[in-house]
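Read through the structure below, which is laid out as structure tokens, and then see the notes.
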Amino acid sequence: MTTSNMPAISFDRVSLSIANRKIIDDVSFEVSKGEFVCVVGPSGCGKTTLLRMVIGLAQPNDGEVRRFGQPVTGPVRDVAVVFQDYGRALLPWRTAAGNVALALEAAGTPKAERADTIASLLEKVGLRGHGDKYPGQLSGGMQQRVQIARCLAQQPGILLMDEPFGALDAMTRQTLQDEIAEIVAGTGTTVMFVTHDIDEAIYLGDRVVQLDANPGRVAEISDVSLARPRDQISSREAPEFLRLRHVLFAHIERSAHP
Ligand SMILES: Nc1ncnc2c1ncn2[C@@H]1O[C@H](COP(=O)(O)OP(=O)(O)OP(=O)(O)O)[C@@H](O)[C@H]1O
Ligand SMILES: [Mg+2]
């Protein structure tokens, strides 16, 4: 296999202990290039830790994490991360446009091209006309859009998202779910999307990896055979959606009352 048809992300029998406590136990799964994989599990089961391993901020004690077949050694420009805490992810003294510009500056995009690129990215995330506002002047949903635009400016092959919509109201959350699905569709971007919301995971994912806690381990991996583009009403009423919901919630019930 050449590098390009290797899985974008591989967890290969990964375990991690911190201070003699097992955090991650023998986790194996892969994310194919262009696939949208959601990871769900209770608080503390190691979701963020798995993302940190993909960028090399946490190292397994056993097993290996690979990107496109290569063992992870550290962060690279090809991987972008959208954090849950948008308040701290943005620089408050830079405007929305200025925050997006950061990624372009880092990529060495010529100054003359930056303004057009920023305008089209802000437009893509629904922030046309808001480029000159500071994060403190934007709502939570708008700040999260800025963070997403900044990640897209990186043109990442792999997009990692850590409960990116967790702090938003239900309507904003649904809008952003549809936006992110539309933005990555057809771009070949690989997405690993962490959430504790089972419905969100089914709605967005090509597959859902369900984790158990203490220690974090894979409980089930489910294929989501819902047609795309998805629709907030009809997809959520589809028998396949309800079937998966049943499977995933039943597992939580079983692990809560073994
Ligand atoms: N640097 C660290 N030192 C000690 N314990 C840690 C460290 N990082 C993570 N842990 C522990 O590892 C476990 C997994 O943490 P992690 O943040 O990955 O969970 P999570 O699934 O992302 O939780 P949440 O849904 O609350 O964000 C937790 O029990 C946490 O306390
Ligand atoms: Mg977390």
Note to self: Against the definition (buried (at least 21 other Cβ atoms within 10 Å of the Cβ) and over 12 Å from the mean Cα position of the chain (by Cα)), how does Arg145 come out, yes or no?
What the structure shows: yes
Next item on the list: Enumerate the pairs (first residue in region 38-49 and in contact (Cβ under 8 Å) with a residue 40 or more places away in the chain and in the same structural domain as Asp197 (by TED's automatic domain parsing); second residue anywhere and near ligand 2 (Cβ under 8 Å from one of its atoms) and in a loop (DSSP other than H, G, I, E, B)) with beta-carbon separation below 6 Å, excluding pairs fewer than 6 apart on the same chain, so at least 6 apart or on different chains.
Entry: none
Notebook entry, point to check: Is there a residue being away from ligand 1 (no atom under 11 Å from the Cβ) and at pLDDT 95 or above anywhere in region 71-78?
Noted result: yes
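Can you name the residue in region 38-50 that is touching a helix residue (DSSP H, G or I) at 6+ places or on another chain (Cβ under 9 Å) and surrounded by 23 or more Cβ atoms within 10 Å (Cβ to Cβ) and is also farthest from Val194 (Cα to Cα) among such residues? Explain how you work it out, then say what you get.
Taking region 38-50 first, the residues touching a helix residue (DSSP H, G or I) at 6+ places or on another chain (Cβ under 9 Å) are 38-42.
So of that shortlist, the ones also surrounded by 23 or more Cβ atoms within 10 Å (Cβ to Cβ) come out as 38-41.
Values: Cys38: 6, Val39: 5, Val40: 6, Gly41: 9 Å.
It comes out as Gly41.
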Next item on the list: Pick out the one residue from Ala112, Ala119 that is surrounded by fewer than 16 Cβ atoms within 10 Å (Cβ to Cβ), farther than 24 Å from Asp231 by Cα and either more than 16 Å from ligand 1 (Cβ to nearest atom) or without any contact (Cβ under 8 Å) to a residue 12 or more places away in the chain (or both).
Entry: Ala112
Check: Somewhere in region 169-185, is a residue among the polar types (S, T, N, Q), within 16 Å of ligand 2 (Cβ to nearest atom) and under 25 Å from Glu220 (Cα atoms)?
Finding: no
Item checked: Those residues of region 211-251 which are more than 16 Å from ligand 2 (Cβ to nearest atom), assigned to a loop (DSSP other than H, G, I, E, B) and not basic (Lys, Arg), in sequence order -> Val224, Ser225, Leu226, Ala227, Pro229, Asp231, Gln232, Ile233, Ala238
Note to self: Please go through region 1-22 and give me each residue that is touching a Pro at 6+ places or on another chain (Cβ under 6 Å) and either part of a helix (DSSP H, G or I) or within 16 Å of ligand 2 (Cβ to nearest atom) (or both), ordered by number.
What the structure shows: Leu16
Next item on the list: Considering each residue of region 24-53, count those that are in a loop (DSSP other than H, G, I, E, B) and within 10 Å of ligand 1 (Cβ to nearest atom), and give that number.
Entry: 6
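What about Arg228, is it more than 24 Å from Ser15 (Cα to Cα) and modelled with pLDDT of 95 or more?
Numbers: more than 24 Å from Ser15 (Cα to Cα): yes; modelled with pLDDT of 95 or more: yes.
It is true that Arg228 is more than 24 Å from Ser15 (Cα to Cα) and modelled with pLDDT of 95 or more.
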Notebook entry, point to check: Pick from region 51-89 the residues that are aliphatic (A, V, I, L, M), under 22 Å from Ser28 (Cα atoms) and within 16 Å of ligand 2 (Cβ to nearest atom): which of them is surrounded by the fewest Cβ atoms within 10 Å (Cβ to Cβ)?
Noted result: Leu57
Note to self: Residue pairs, Cβ under 6 Å, 6 or more apart or interchain, first in region 69-92 and over 15 Å from Leu104 (Cα atoms) and in contact (Cβ under 8 Å) with a residue 24 or more places away in the chain, second assigned to a strand (DSSP E or B) and within 16 Å of ligand 1 (Cβ to nearest atom). List them.
What the structure shows: Val81/Leu160; Val82/Met161; Phe83/Asp162; Gln84/Asp162
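The values are calculated or read from the model by the stated rules, or taken from the named source; none is laboratory data. Remember, it's a predicted structure, so these values are computed and weren't measured experimentally. For neighbour counting, all protein chains shown are included, and Cβ atoms are generated from backbone atoms with ideal geometry for every residue, glycine included.
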